[in-house]
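Right, one structure below, let's go through it.
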Amino acid sequence: MKERIKSITKIILPILLFSINQNLINPASAETIKGNVLDEKYFPVPNVTVNISYGGSAVTNENGKFELSTDKFPYYISILDPANSIGVIYMGLNALTPELTFFGVKSPRNVNTEVVKVKLSSVSPGRSVLIKFVSNDIFYSNDVIVSPGETQKLITVEWPSTSSSINGKIIYLEKSPDTYIKYGEKPITITKDFYPQTISFDSLSHYIDPGQSSIKLYLPILDYNKKGFSVYADFLALHRNAEILLNTTEGNIISTDVLVPQSLPFGFRLKVSGNGFFKNGAGFITNFYAYPGTSLNINNETPPKLSAPQDEYYGVDKNTQFAYEWGSGTGIYVVHFHCFEPVADFYVVTKDRQIYSPLGYSSGILKGEEYKWYVSMYLTYFSVDDFVKPTKFKNDVGYKAISYSETRTFRTTF
């Protein structure tokens with residue numbers, strides 16, 4: 001028996017030693033992280049520094065893309081823009097293709113901005129016309145309302161500077177208080193540094209009847225300081241900035257009927273955004289999708305509650321822990337720290353309910369003495385990886401709701 005054990009040992013031991021040596025010589029190979037950074041209007045963010053835990057950094061290209069590598073999971077990624085004093089850190093990532101929101105960047109950078117002049121027949125009394133540029137490419141444009149008697153309006157369109165032009169349509173939607181009257185559209189290619197670019201809607205233009213319908217909305221009964229809703233026309237075939245605002249209402253509303261078109265092109269559906277906020281600033285914004293003729297309950301969401309430190313706390317340092325309790329549902333937290341002087345913003349995206357003060361890892365973004373902070377909870381996500389997963393459709397928003405805690409203040413000195 002002993003001889004047999006010795007014989008097996010002679011065979012297995014060299015194999016084990018070889019395996020150990022190979023692991024020491026050839027450690028686990030690194031994985032490549034191919035990411036994308038977008039601002040809050042879903043535009044790519046170029047020329048910002050992206051750092052990954054355990055070493056390594058990159059600068060985003062003109063399309064907001066970057067590549068890094070790591071052999072340690074989970075990892076964290078920080079996005080830094082010292083020139084504008086903004087930073088974001090994502091904690092607990094395992095994703096190989098994360099799509100990262102650069103919070104705090106609300107104005108697109110490196111963009112083309114052009115103006116289109118829209119001419120139209122005089123709008124009749126008691127009616128209004130909504131006009132907007134829409135596209136399936138990355139763009140941003142405001143909704144523009146034409147009032148009775150007006151015959152022309154200007155539409156401002158933004159798109160990434162990586163392209164000298166953008167293709168899209170100017171849409172025309174006319175309504176009265178109790179019906180939608182007609183819908184029209186005109187294709188247009190907007191070119192950089194070319195003005196005036198003009199589109200005309202007149203009696204010879206082709207229009208269709210969008211029909212009329214309604215949706216029934218039921219709002220939460222809680223005693224909010226501010227409560228309301230917005231209804232948008234949302235288009236599956238277009239970029240998410242193509243949605244158009246059909247109705248927005250604030251007030252102590254229990255239920256109401258909202259007039260909407262029966263049909264529109266581009267894979268039309270309705271997006272309903274409800275909101276409710278208490279006097280201390282805590283509250284929620286929630287998103288639902290519906291179709292004409294349906295009823296919808298807008299449920300309230302319980303916001304996260306701040307635990308520590310207490311309001312107007314003095315003496316915060318890099319070892320201070322910031323804690324908050326669960327809100328309703330399952331989601332991830334975005335903790336926002338705002339420095340008053342010098343002005344700066346730092347965001348922490350995490351699944352955890354407590355974090356150490358970012359003063360120690362903000363890479364110099366936060367360097368003042370007076371701050372405010374609050375927590376946003378994005379529903380429904382089970383991990384930070386879920387939150388950074390690239391969208392399948394161009395118009396996807398992704399989150400079901402955002403709930404907001406109250407705001408507190410603190411100082412770093414006594």
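If the label point is 7 Å along Cα→Cβ of residue 176, which residues in the stretch 120-140 have backbone nitrogen under 15 Å from it? Answer for the stretch 120-140: 123-129. Computed from label points 7 Å out along Cα-Cβ, the spacing between residue 84 and residue 250 is 2.6 nm. Charge tally around residue 146: other residues with Cβ under 14 Å, Lys/Arg +1 each, Asp/Glu -1 each, net +3.
Decide, for the stretch 208-260, between rounded, prolate and oblate: order the square roots of the alpha carbon gyration tensor eigenvalues as a ≥ b ≥ c, take rounded if a/c falls under 1.5, and otherwise choose prolate if a/b is larger than b/c, else oblate. Oblate shape, in that a/c is at least 1.5 and b/c is the bigger or equal ratio.
At 10 °C and 1.306 mPa s, what whole-number value in µm²/s does Stokes-Einstein give for the translational diffusion of the stretch 213-297, with Rh from the Kirkwood sum over Cα pairs?
Details: Rh = 13.4 Å.
Diffusion coefficient, whole number: 119 µm²/s.
Here the simple spin-label model places points 7 Å from the Cα toward Cβ, and for residue 409 and residue 218 these points are separated by 4.2 nm. Amide H contacts of residue 111: 161, each under 5 Å away and 5 or more positions distant or on a separate chain (H built 1.01 Å from N in the peptide plane; Pro and chain starts excluded). Considering all C-alpha pairs of the chain, those separated by over 41 Å amount to 29%.
Its alpha carbons give the stretch 263-414 an Rg and a Dmax of 18.0, 62 Å. Placing R0 at 56 angstrom, the Cβ-Cβ distance between residue 237 and residue 354 gives a FRET efficiency of 0.85 after rounding to 0.05.
Using the structure shown, select from 65/351; 41/305; 186/226 the pairs with a Cα to Cα distance greater than 32 angstrom. Present the calculation step by step, with values, prior to reporting the outcome.
Numbers: 65/351 24 Å; 41/305 28 Å; 186/226 39 Å.
Long pairs (Cα-Cα over 32 Å): 186/226.
The stretch between residue 308 and residue 198 holds 33.9 nm of extra length on full extension. This uses 0.36 nm per residue minus the Cα-Cα distance. Taking the average, over residues, of other Cβ atoms within 10 Å as the packing measure, peptides 150-162, 53-65, 85-97 rank 85-97, 150-162, 53-65 from highest down. When only alpha carbons are used to place a centre, the stretch 166-225 and the stretch 137-158 end up 10 Å from one another.
The long axis of helix 2-25 is offset from the longest Cα principal axis of the chain by roughly 50 degrees.
Diagonalising the gyration tensor over the Cα atoms of the stretch 111-201 and scaling each eigenvalue by 5 before taking the square root yields semi-axes of 26, 13, 10 Å, largest first.
We did not get these values from a lab; they are worked out from the coordinates using the rules stated. Given the structure is predicted, the values throughout are model-derived calculations rather than measurements. Every residue, glycine as well, gets a Cβ built from its backbone with ideal geometry; the counts of neighbours run over all protein chains shown.
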